[in-house]
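Chemist: Sharing a structure below in C-alpha cells format, with a few things to ask.
The values are calculated or read from the model by the stated rules, or taken from the named source; none is laboratory data. Keep in mind it's a predicted model, so treat the numbers as computed, not measured. All Cβ positions, glycine included, derive from the backbone under ideal geometry; neighbour counts span all protein chains shown. Areas reflect the complete protein model, heavy atoms only, side chains present, ligands, DNA and RNA absent. Shrake-Rupley method; radii C 1.70, N 1.55, O 1.52, S 1.80 Å.
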Amino acid sequence: QVQLVESGGGLVQAGGSLRLSCAASGSILRINAMGWYRQAPGKQRELVATITVGSTTNYADSVKGRFSIDRDNAKNTVHLQMNSLKPEDTAVYYCNADITTVIRLRKDDYWGQGTQVTVSS
C-alpha cells in the first residue's frame, strides 16, 4: 500500500558526511510530517529530525548544527544531510512518515526498512 525506501547509508570516517534519502510511494493522498530516527545496538530508537509539510524542522540536541533535514513534497522524498559525523552517530537510520492514503483516508505511521550508518574513529 505504502512503501518508504531509504538509501545513502554506508561507512564513513569521523568528520565526514553522508546524505540519506527516503522515497515514499503507493496510494498516497497526503504526506504530513516526515522524519528520521535511529537505533544503535542495545539502545532504544530515538528521534533524529522531523519536518512538517510546511518545512518546520525539529532536531535532537545531539545533532543540532551538524544534521539538516529537507523534503521535496512534489517527489514525496525526505533527505537527511549529515555533516561532521561522529562515531556515536553509528546506528541504523529509519525513515518515518505520517501518511494519509487514498484507501484509508486517515493518518497512519509508516516506517522504512532502515539503512546502516557506520562512523569509524
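Chemist: Taking the condition of being at pLDDT 95 or above, touching an Asp or Glu at 6+ places or on another chain (Cβ under 9 Å) and surrounded by 13 or more Cβ atoms within 10 Å (Cβ to Cβ), how many residues in segment 101-111 meet it?
Modeler: Residues flagged as at pLDDT 95 or above, touching an Asp or Glu at 6+ places or on another chain (Cβ under 9 Å) and surrounded by 13 or more Cβ atoms within 10 Å (Cβ to Cβ) within segment 101-111 amount to 1.
Chemist: On to the next question. The conditions are (1) touching a residue at least 60 places away in the same chain (Cβ under 8 Å); (2) open to solvent by 30 Å² or more (accessible area, probe 1.4 Å); (3) at positive phi, and residue 114 fails exactly one of them. Which is it?
Modeler: Residue 114 satisfies every listed condition except (2).
Chemist: Scan segment 81-91 residue by residue and report those that are touching a residue at least 60 places away in the same chain (Cβ under 8 Å) and crowded, with 17+ Cβ neighbours inside 10 Å.
Modeler: Scanning segment 81-91 gives 82, 85.
Chemist: Is it the case that residue 12 is more than 12 Å from the chain's Cα centre (by Cα) and open to solvent by less than 30 Å² (accessible area, probe 1.4 Å)?
Modeler: On the way: more than 12 Å from the chain's Cα centre (by Cα): yes; open to solvent by less than 30 Å² (accessible area, probe 1.4 Å): yes.
Spelling it out, residue 12 is indeed more than 12 Å from the chain's Cα centre (by Cα) and open to solvent by less than 30 Å² (accessible area, probe 1.4 Å).
Chemist: Hey, another quick one. Quick check on residue 6: is it at pLDDT 95 or above and within 22 Å of residue 121 (Cβ to Cβ)?
Modeler: Taking the combined requirement at face value, the residue does not satisfy it.
Chemist: Could you look through segment 20-79, keep only residues that are in a strand (DSSP E or B), open to solvent by 60 Å² or more (accessible area, probe 1.4 Å) and charged (D, E, K, R), and pick out the one that is modelled with the lowest pLDDT?
Modeler: 30
Chemist: Does residue 109 satisfy being without any contact (Cβ under 8 Å) to a residue 24 or more places away in the chain and under 17 Å from residue 4 (Cα atoms)?
Modeler: Details: without any contact (Cβ under 8 Å) to a residue 24 or more places away in the chain: yes; under 17 Å from residue 4 (Cα atoms): yes.
So residue 109 fits the description; yes.
Chemist: Here's something else I'd like to know. Scan segment 56-80 and report the pairs whose first residue is without any contact (Cβ under 8 Å) to a residue 60 or more places away in the chain and under 19 Å from residue 110 (Cβ atoms) and whose second residue is of a type in the set (Phe, Trp, Tyr) and open to solvent by less than 30 Å² (accessible area, probe 1.4 Å), with Cβ atoms within less than 7 Å and a gap of 6+ or a chain change.
Modeler: Here the result reads 69/36, each pair linking segment 56-80 to a residue that is of a type in the set (Phe, Trp, Tyr) and open to solvent by less than 30 Å² (accessible area, probe 1.4 Å).
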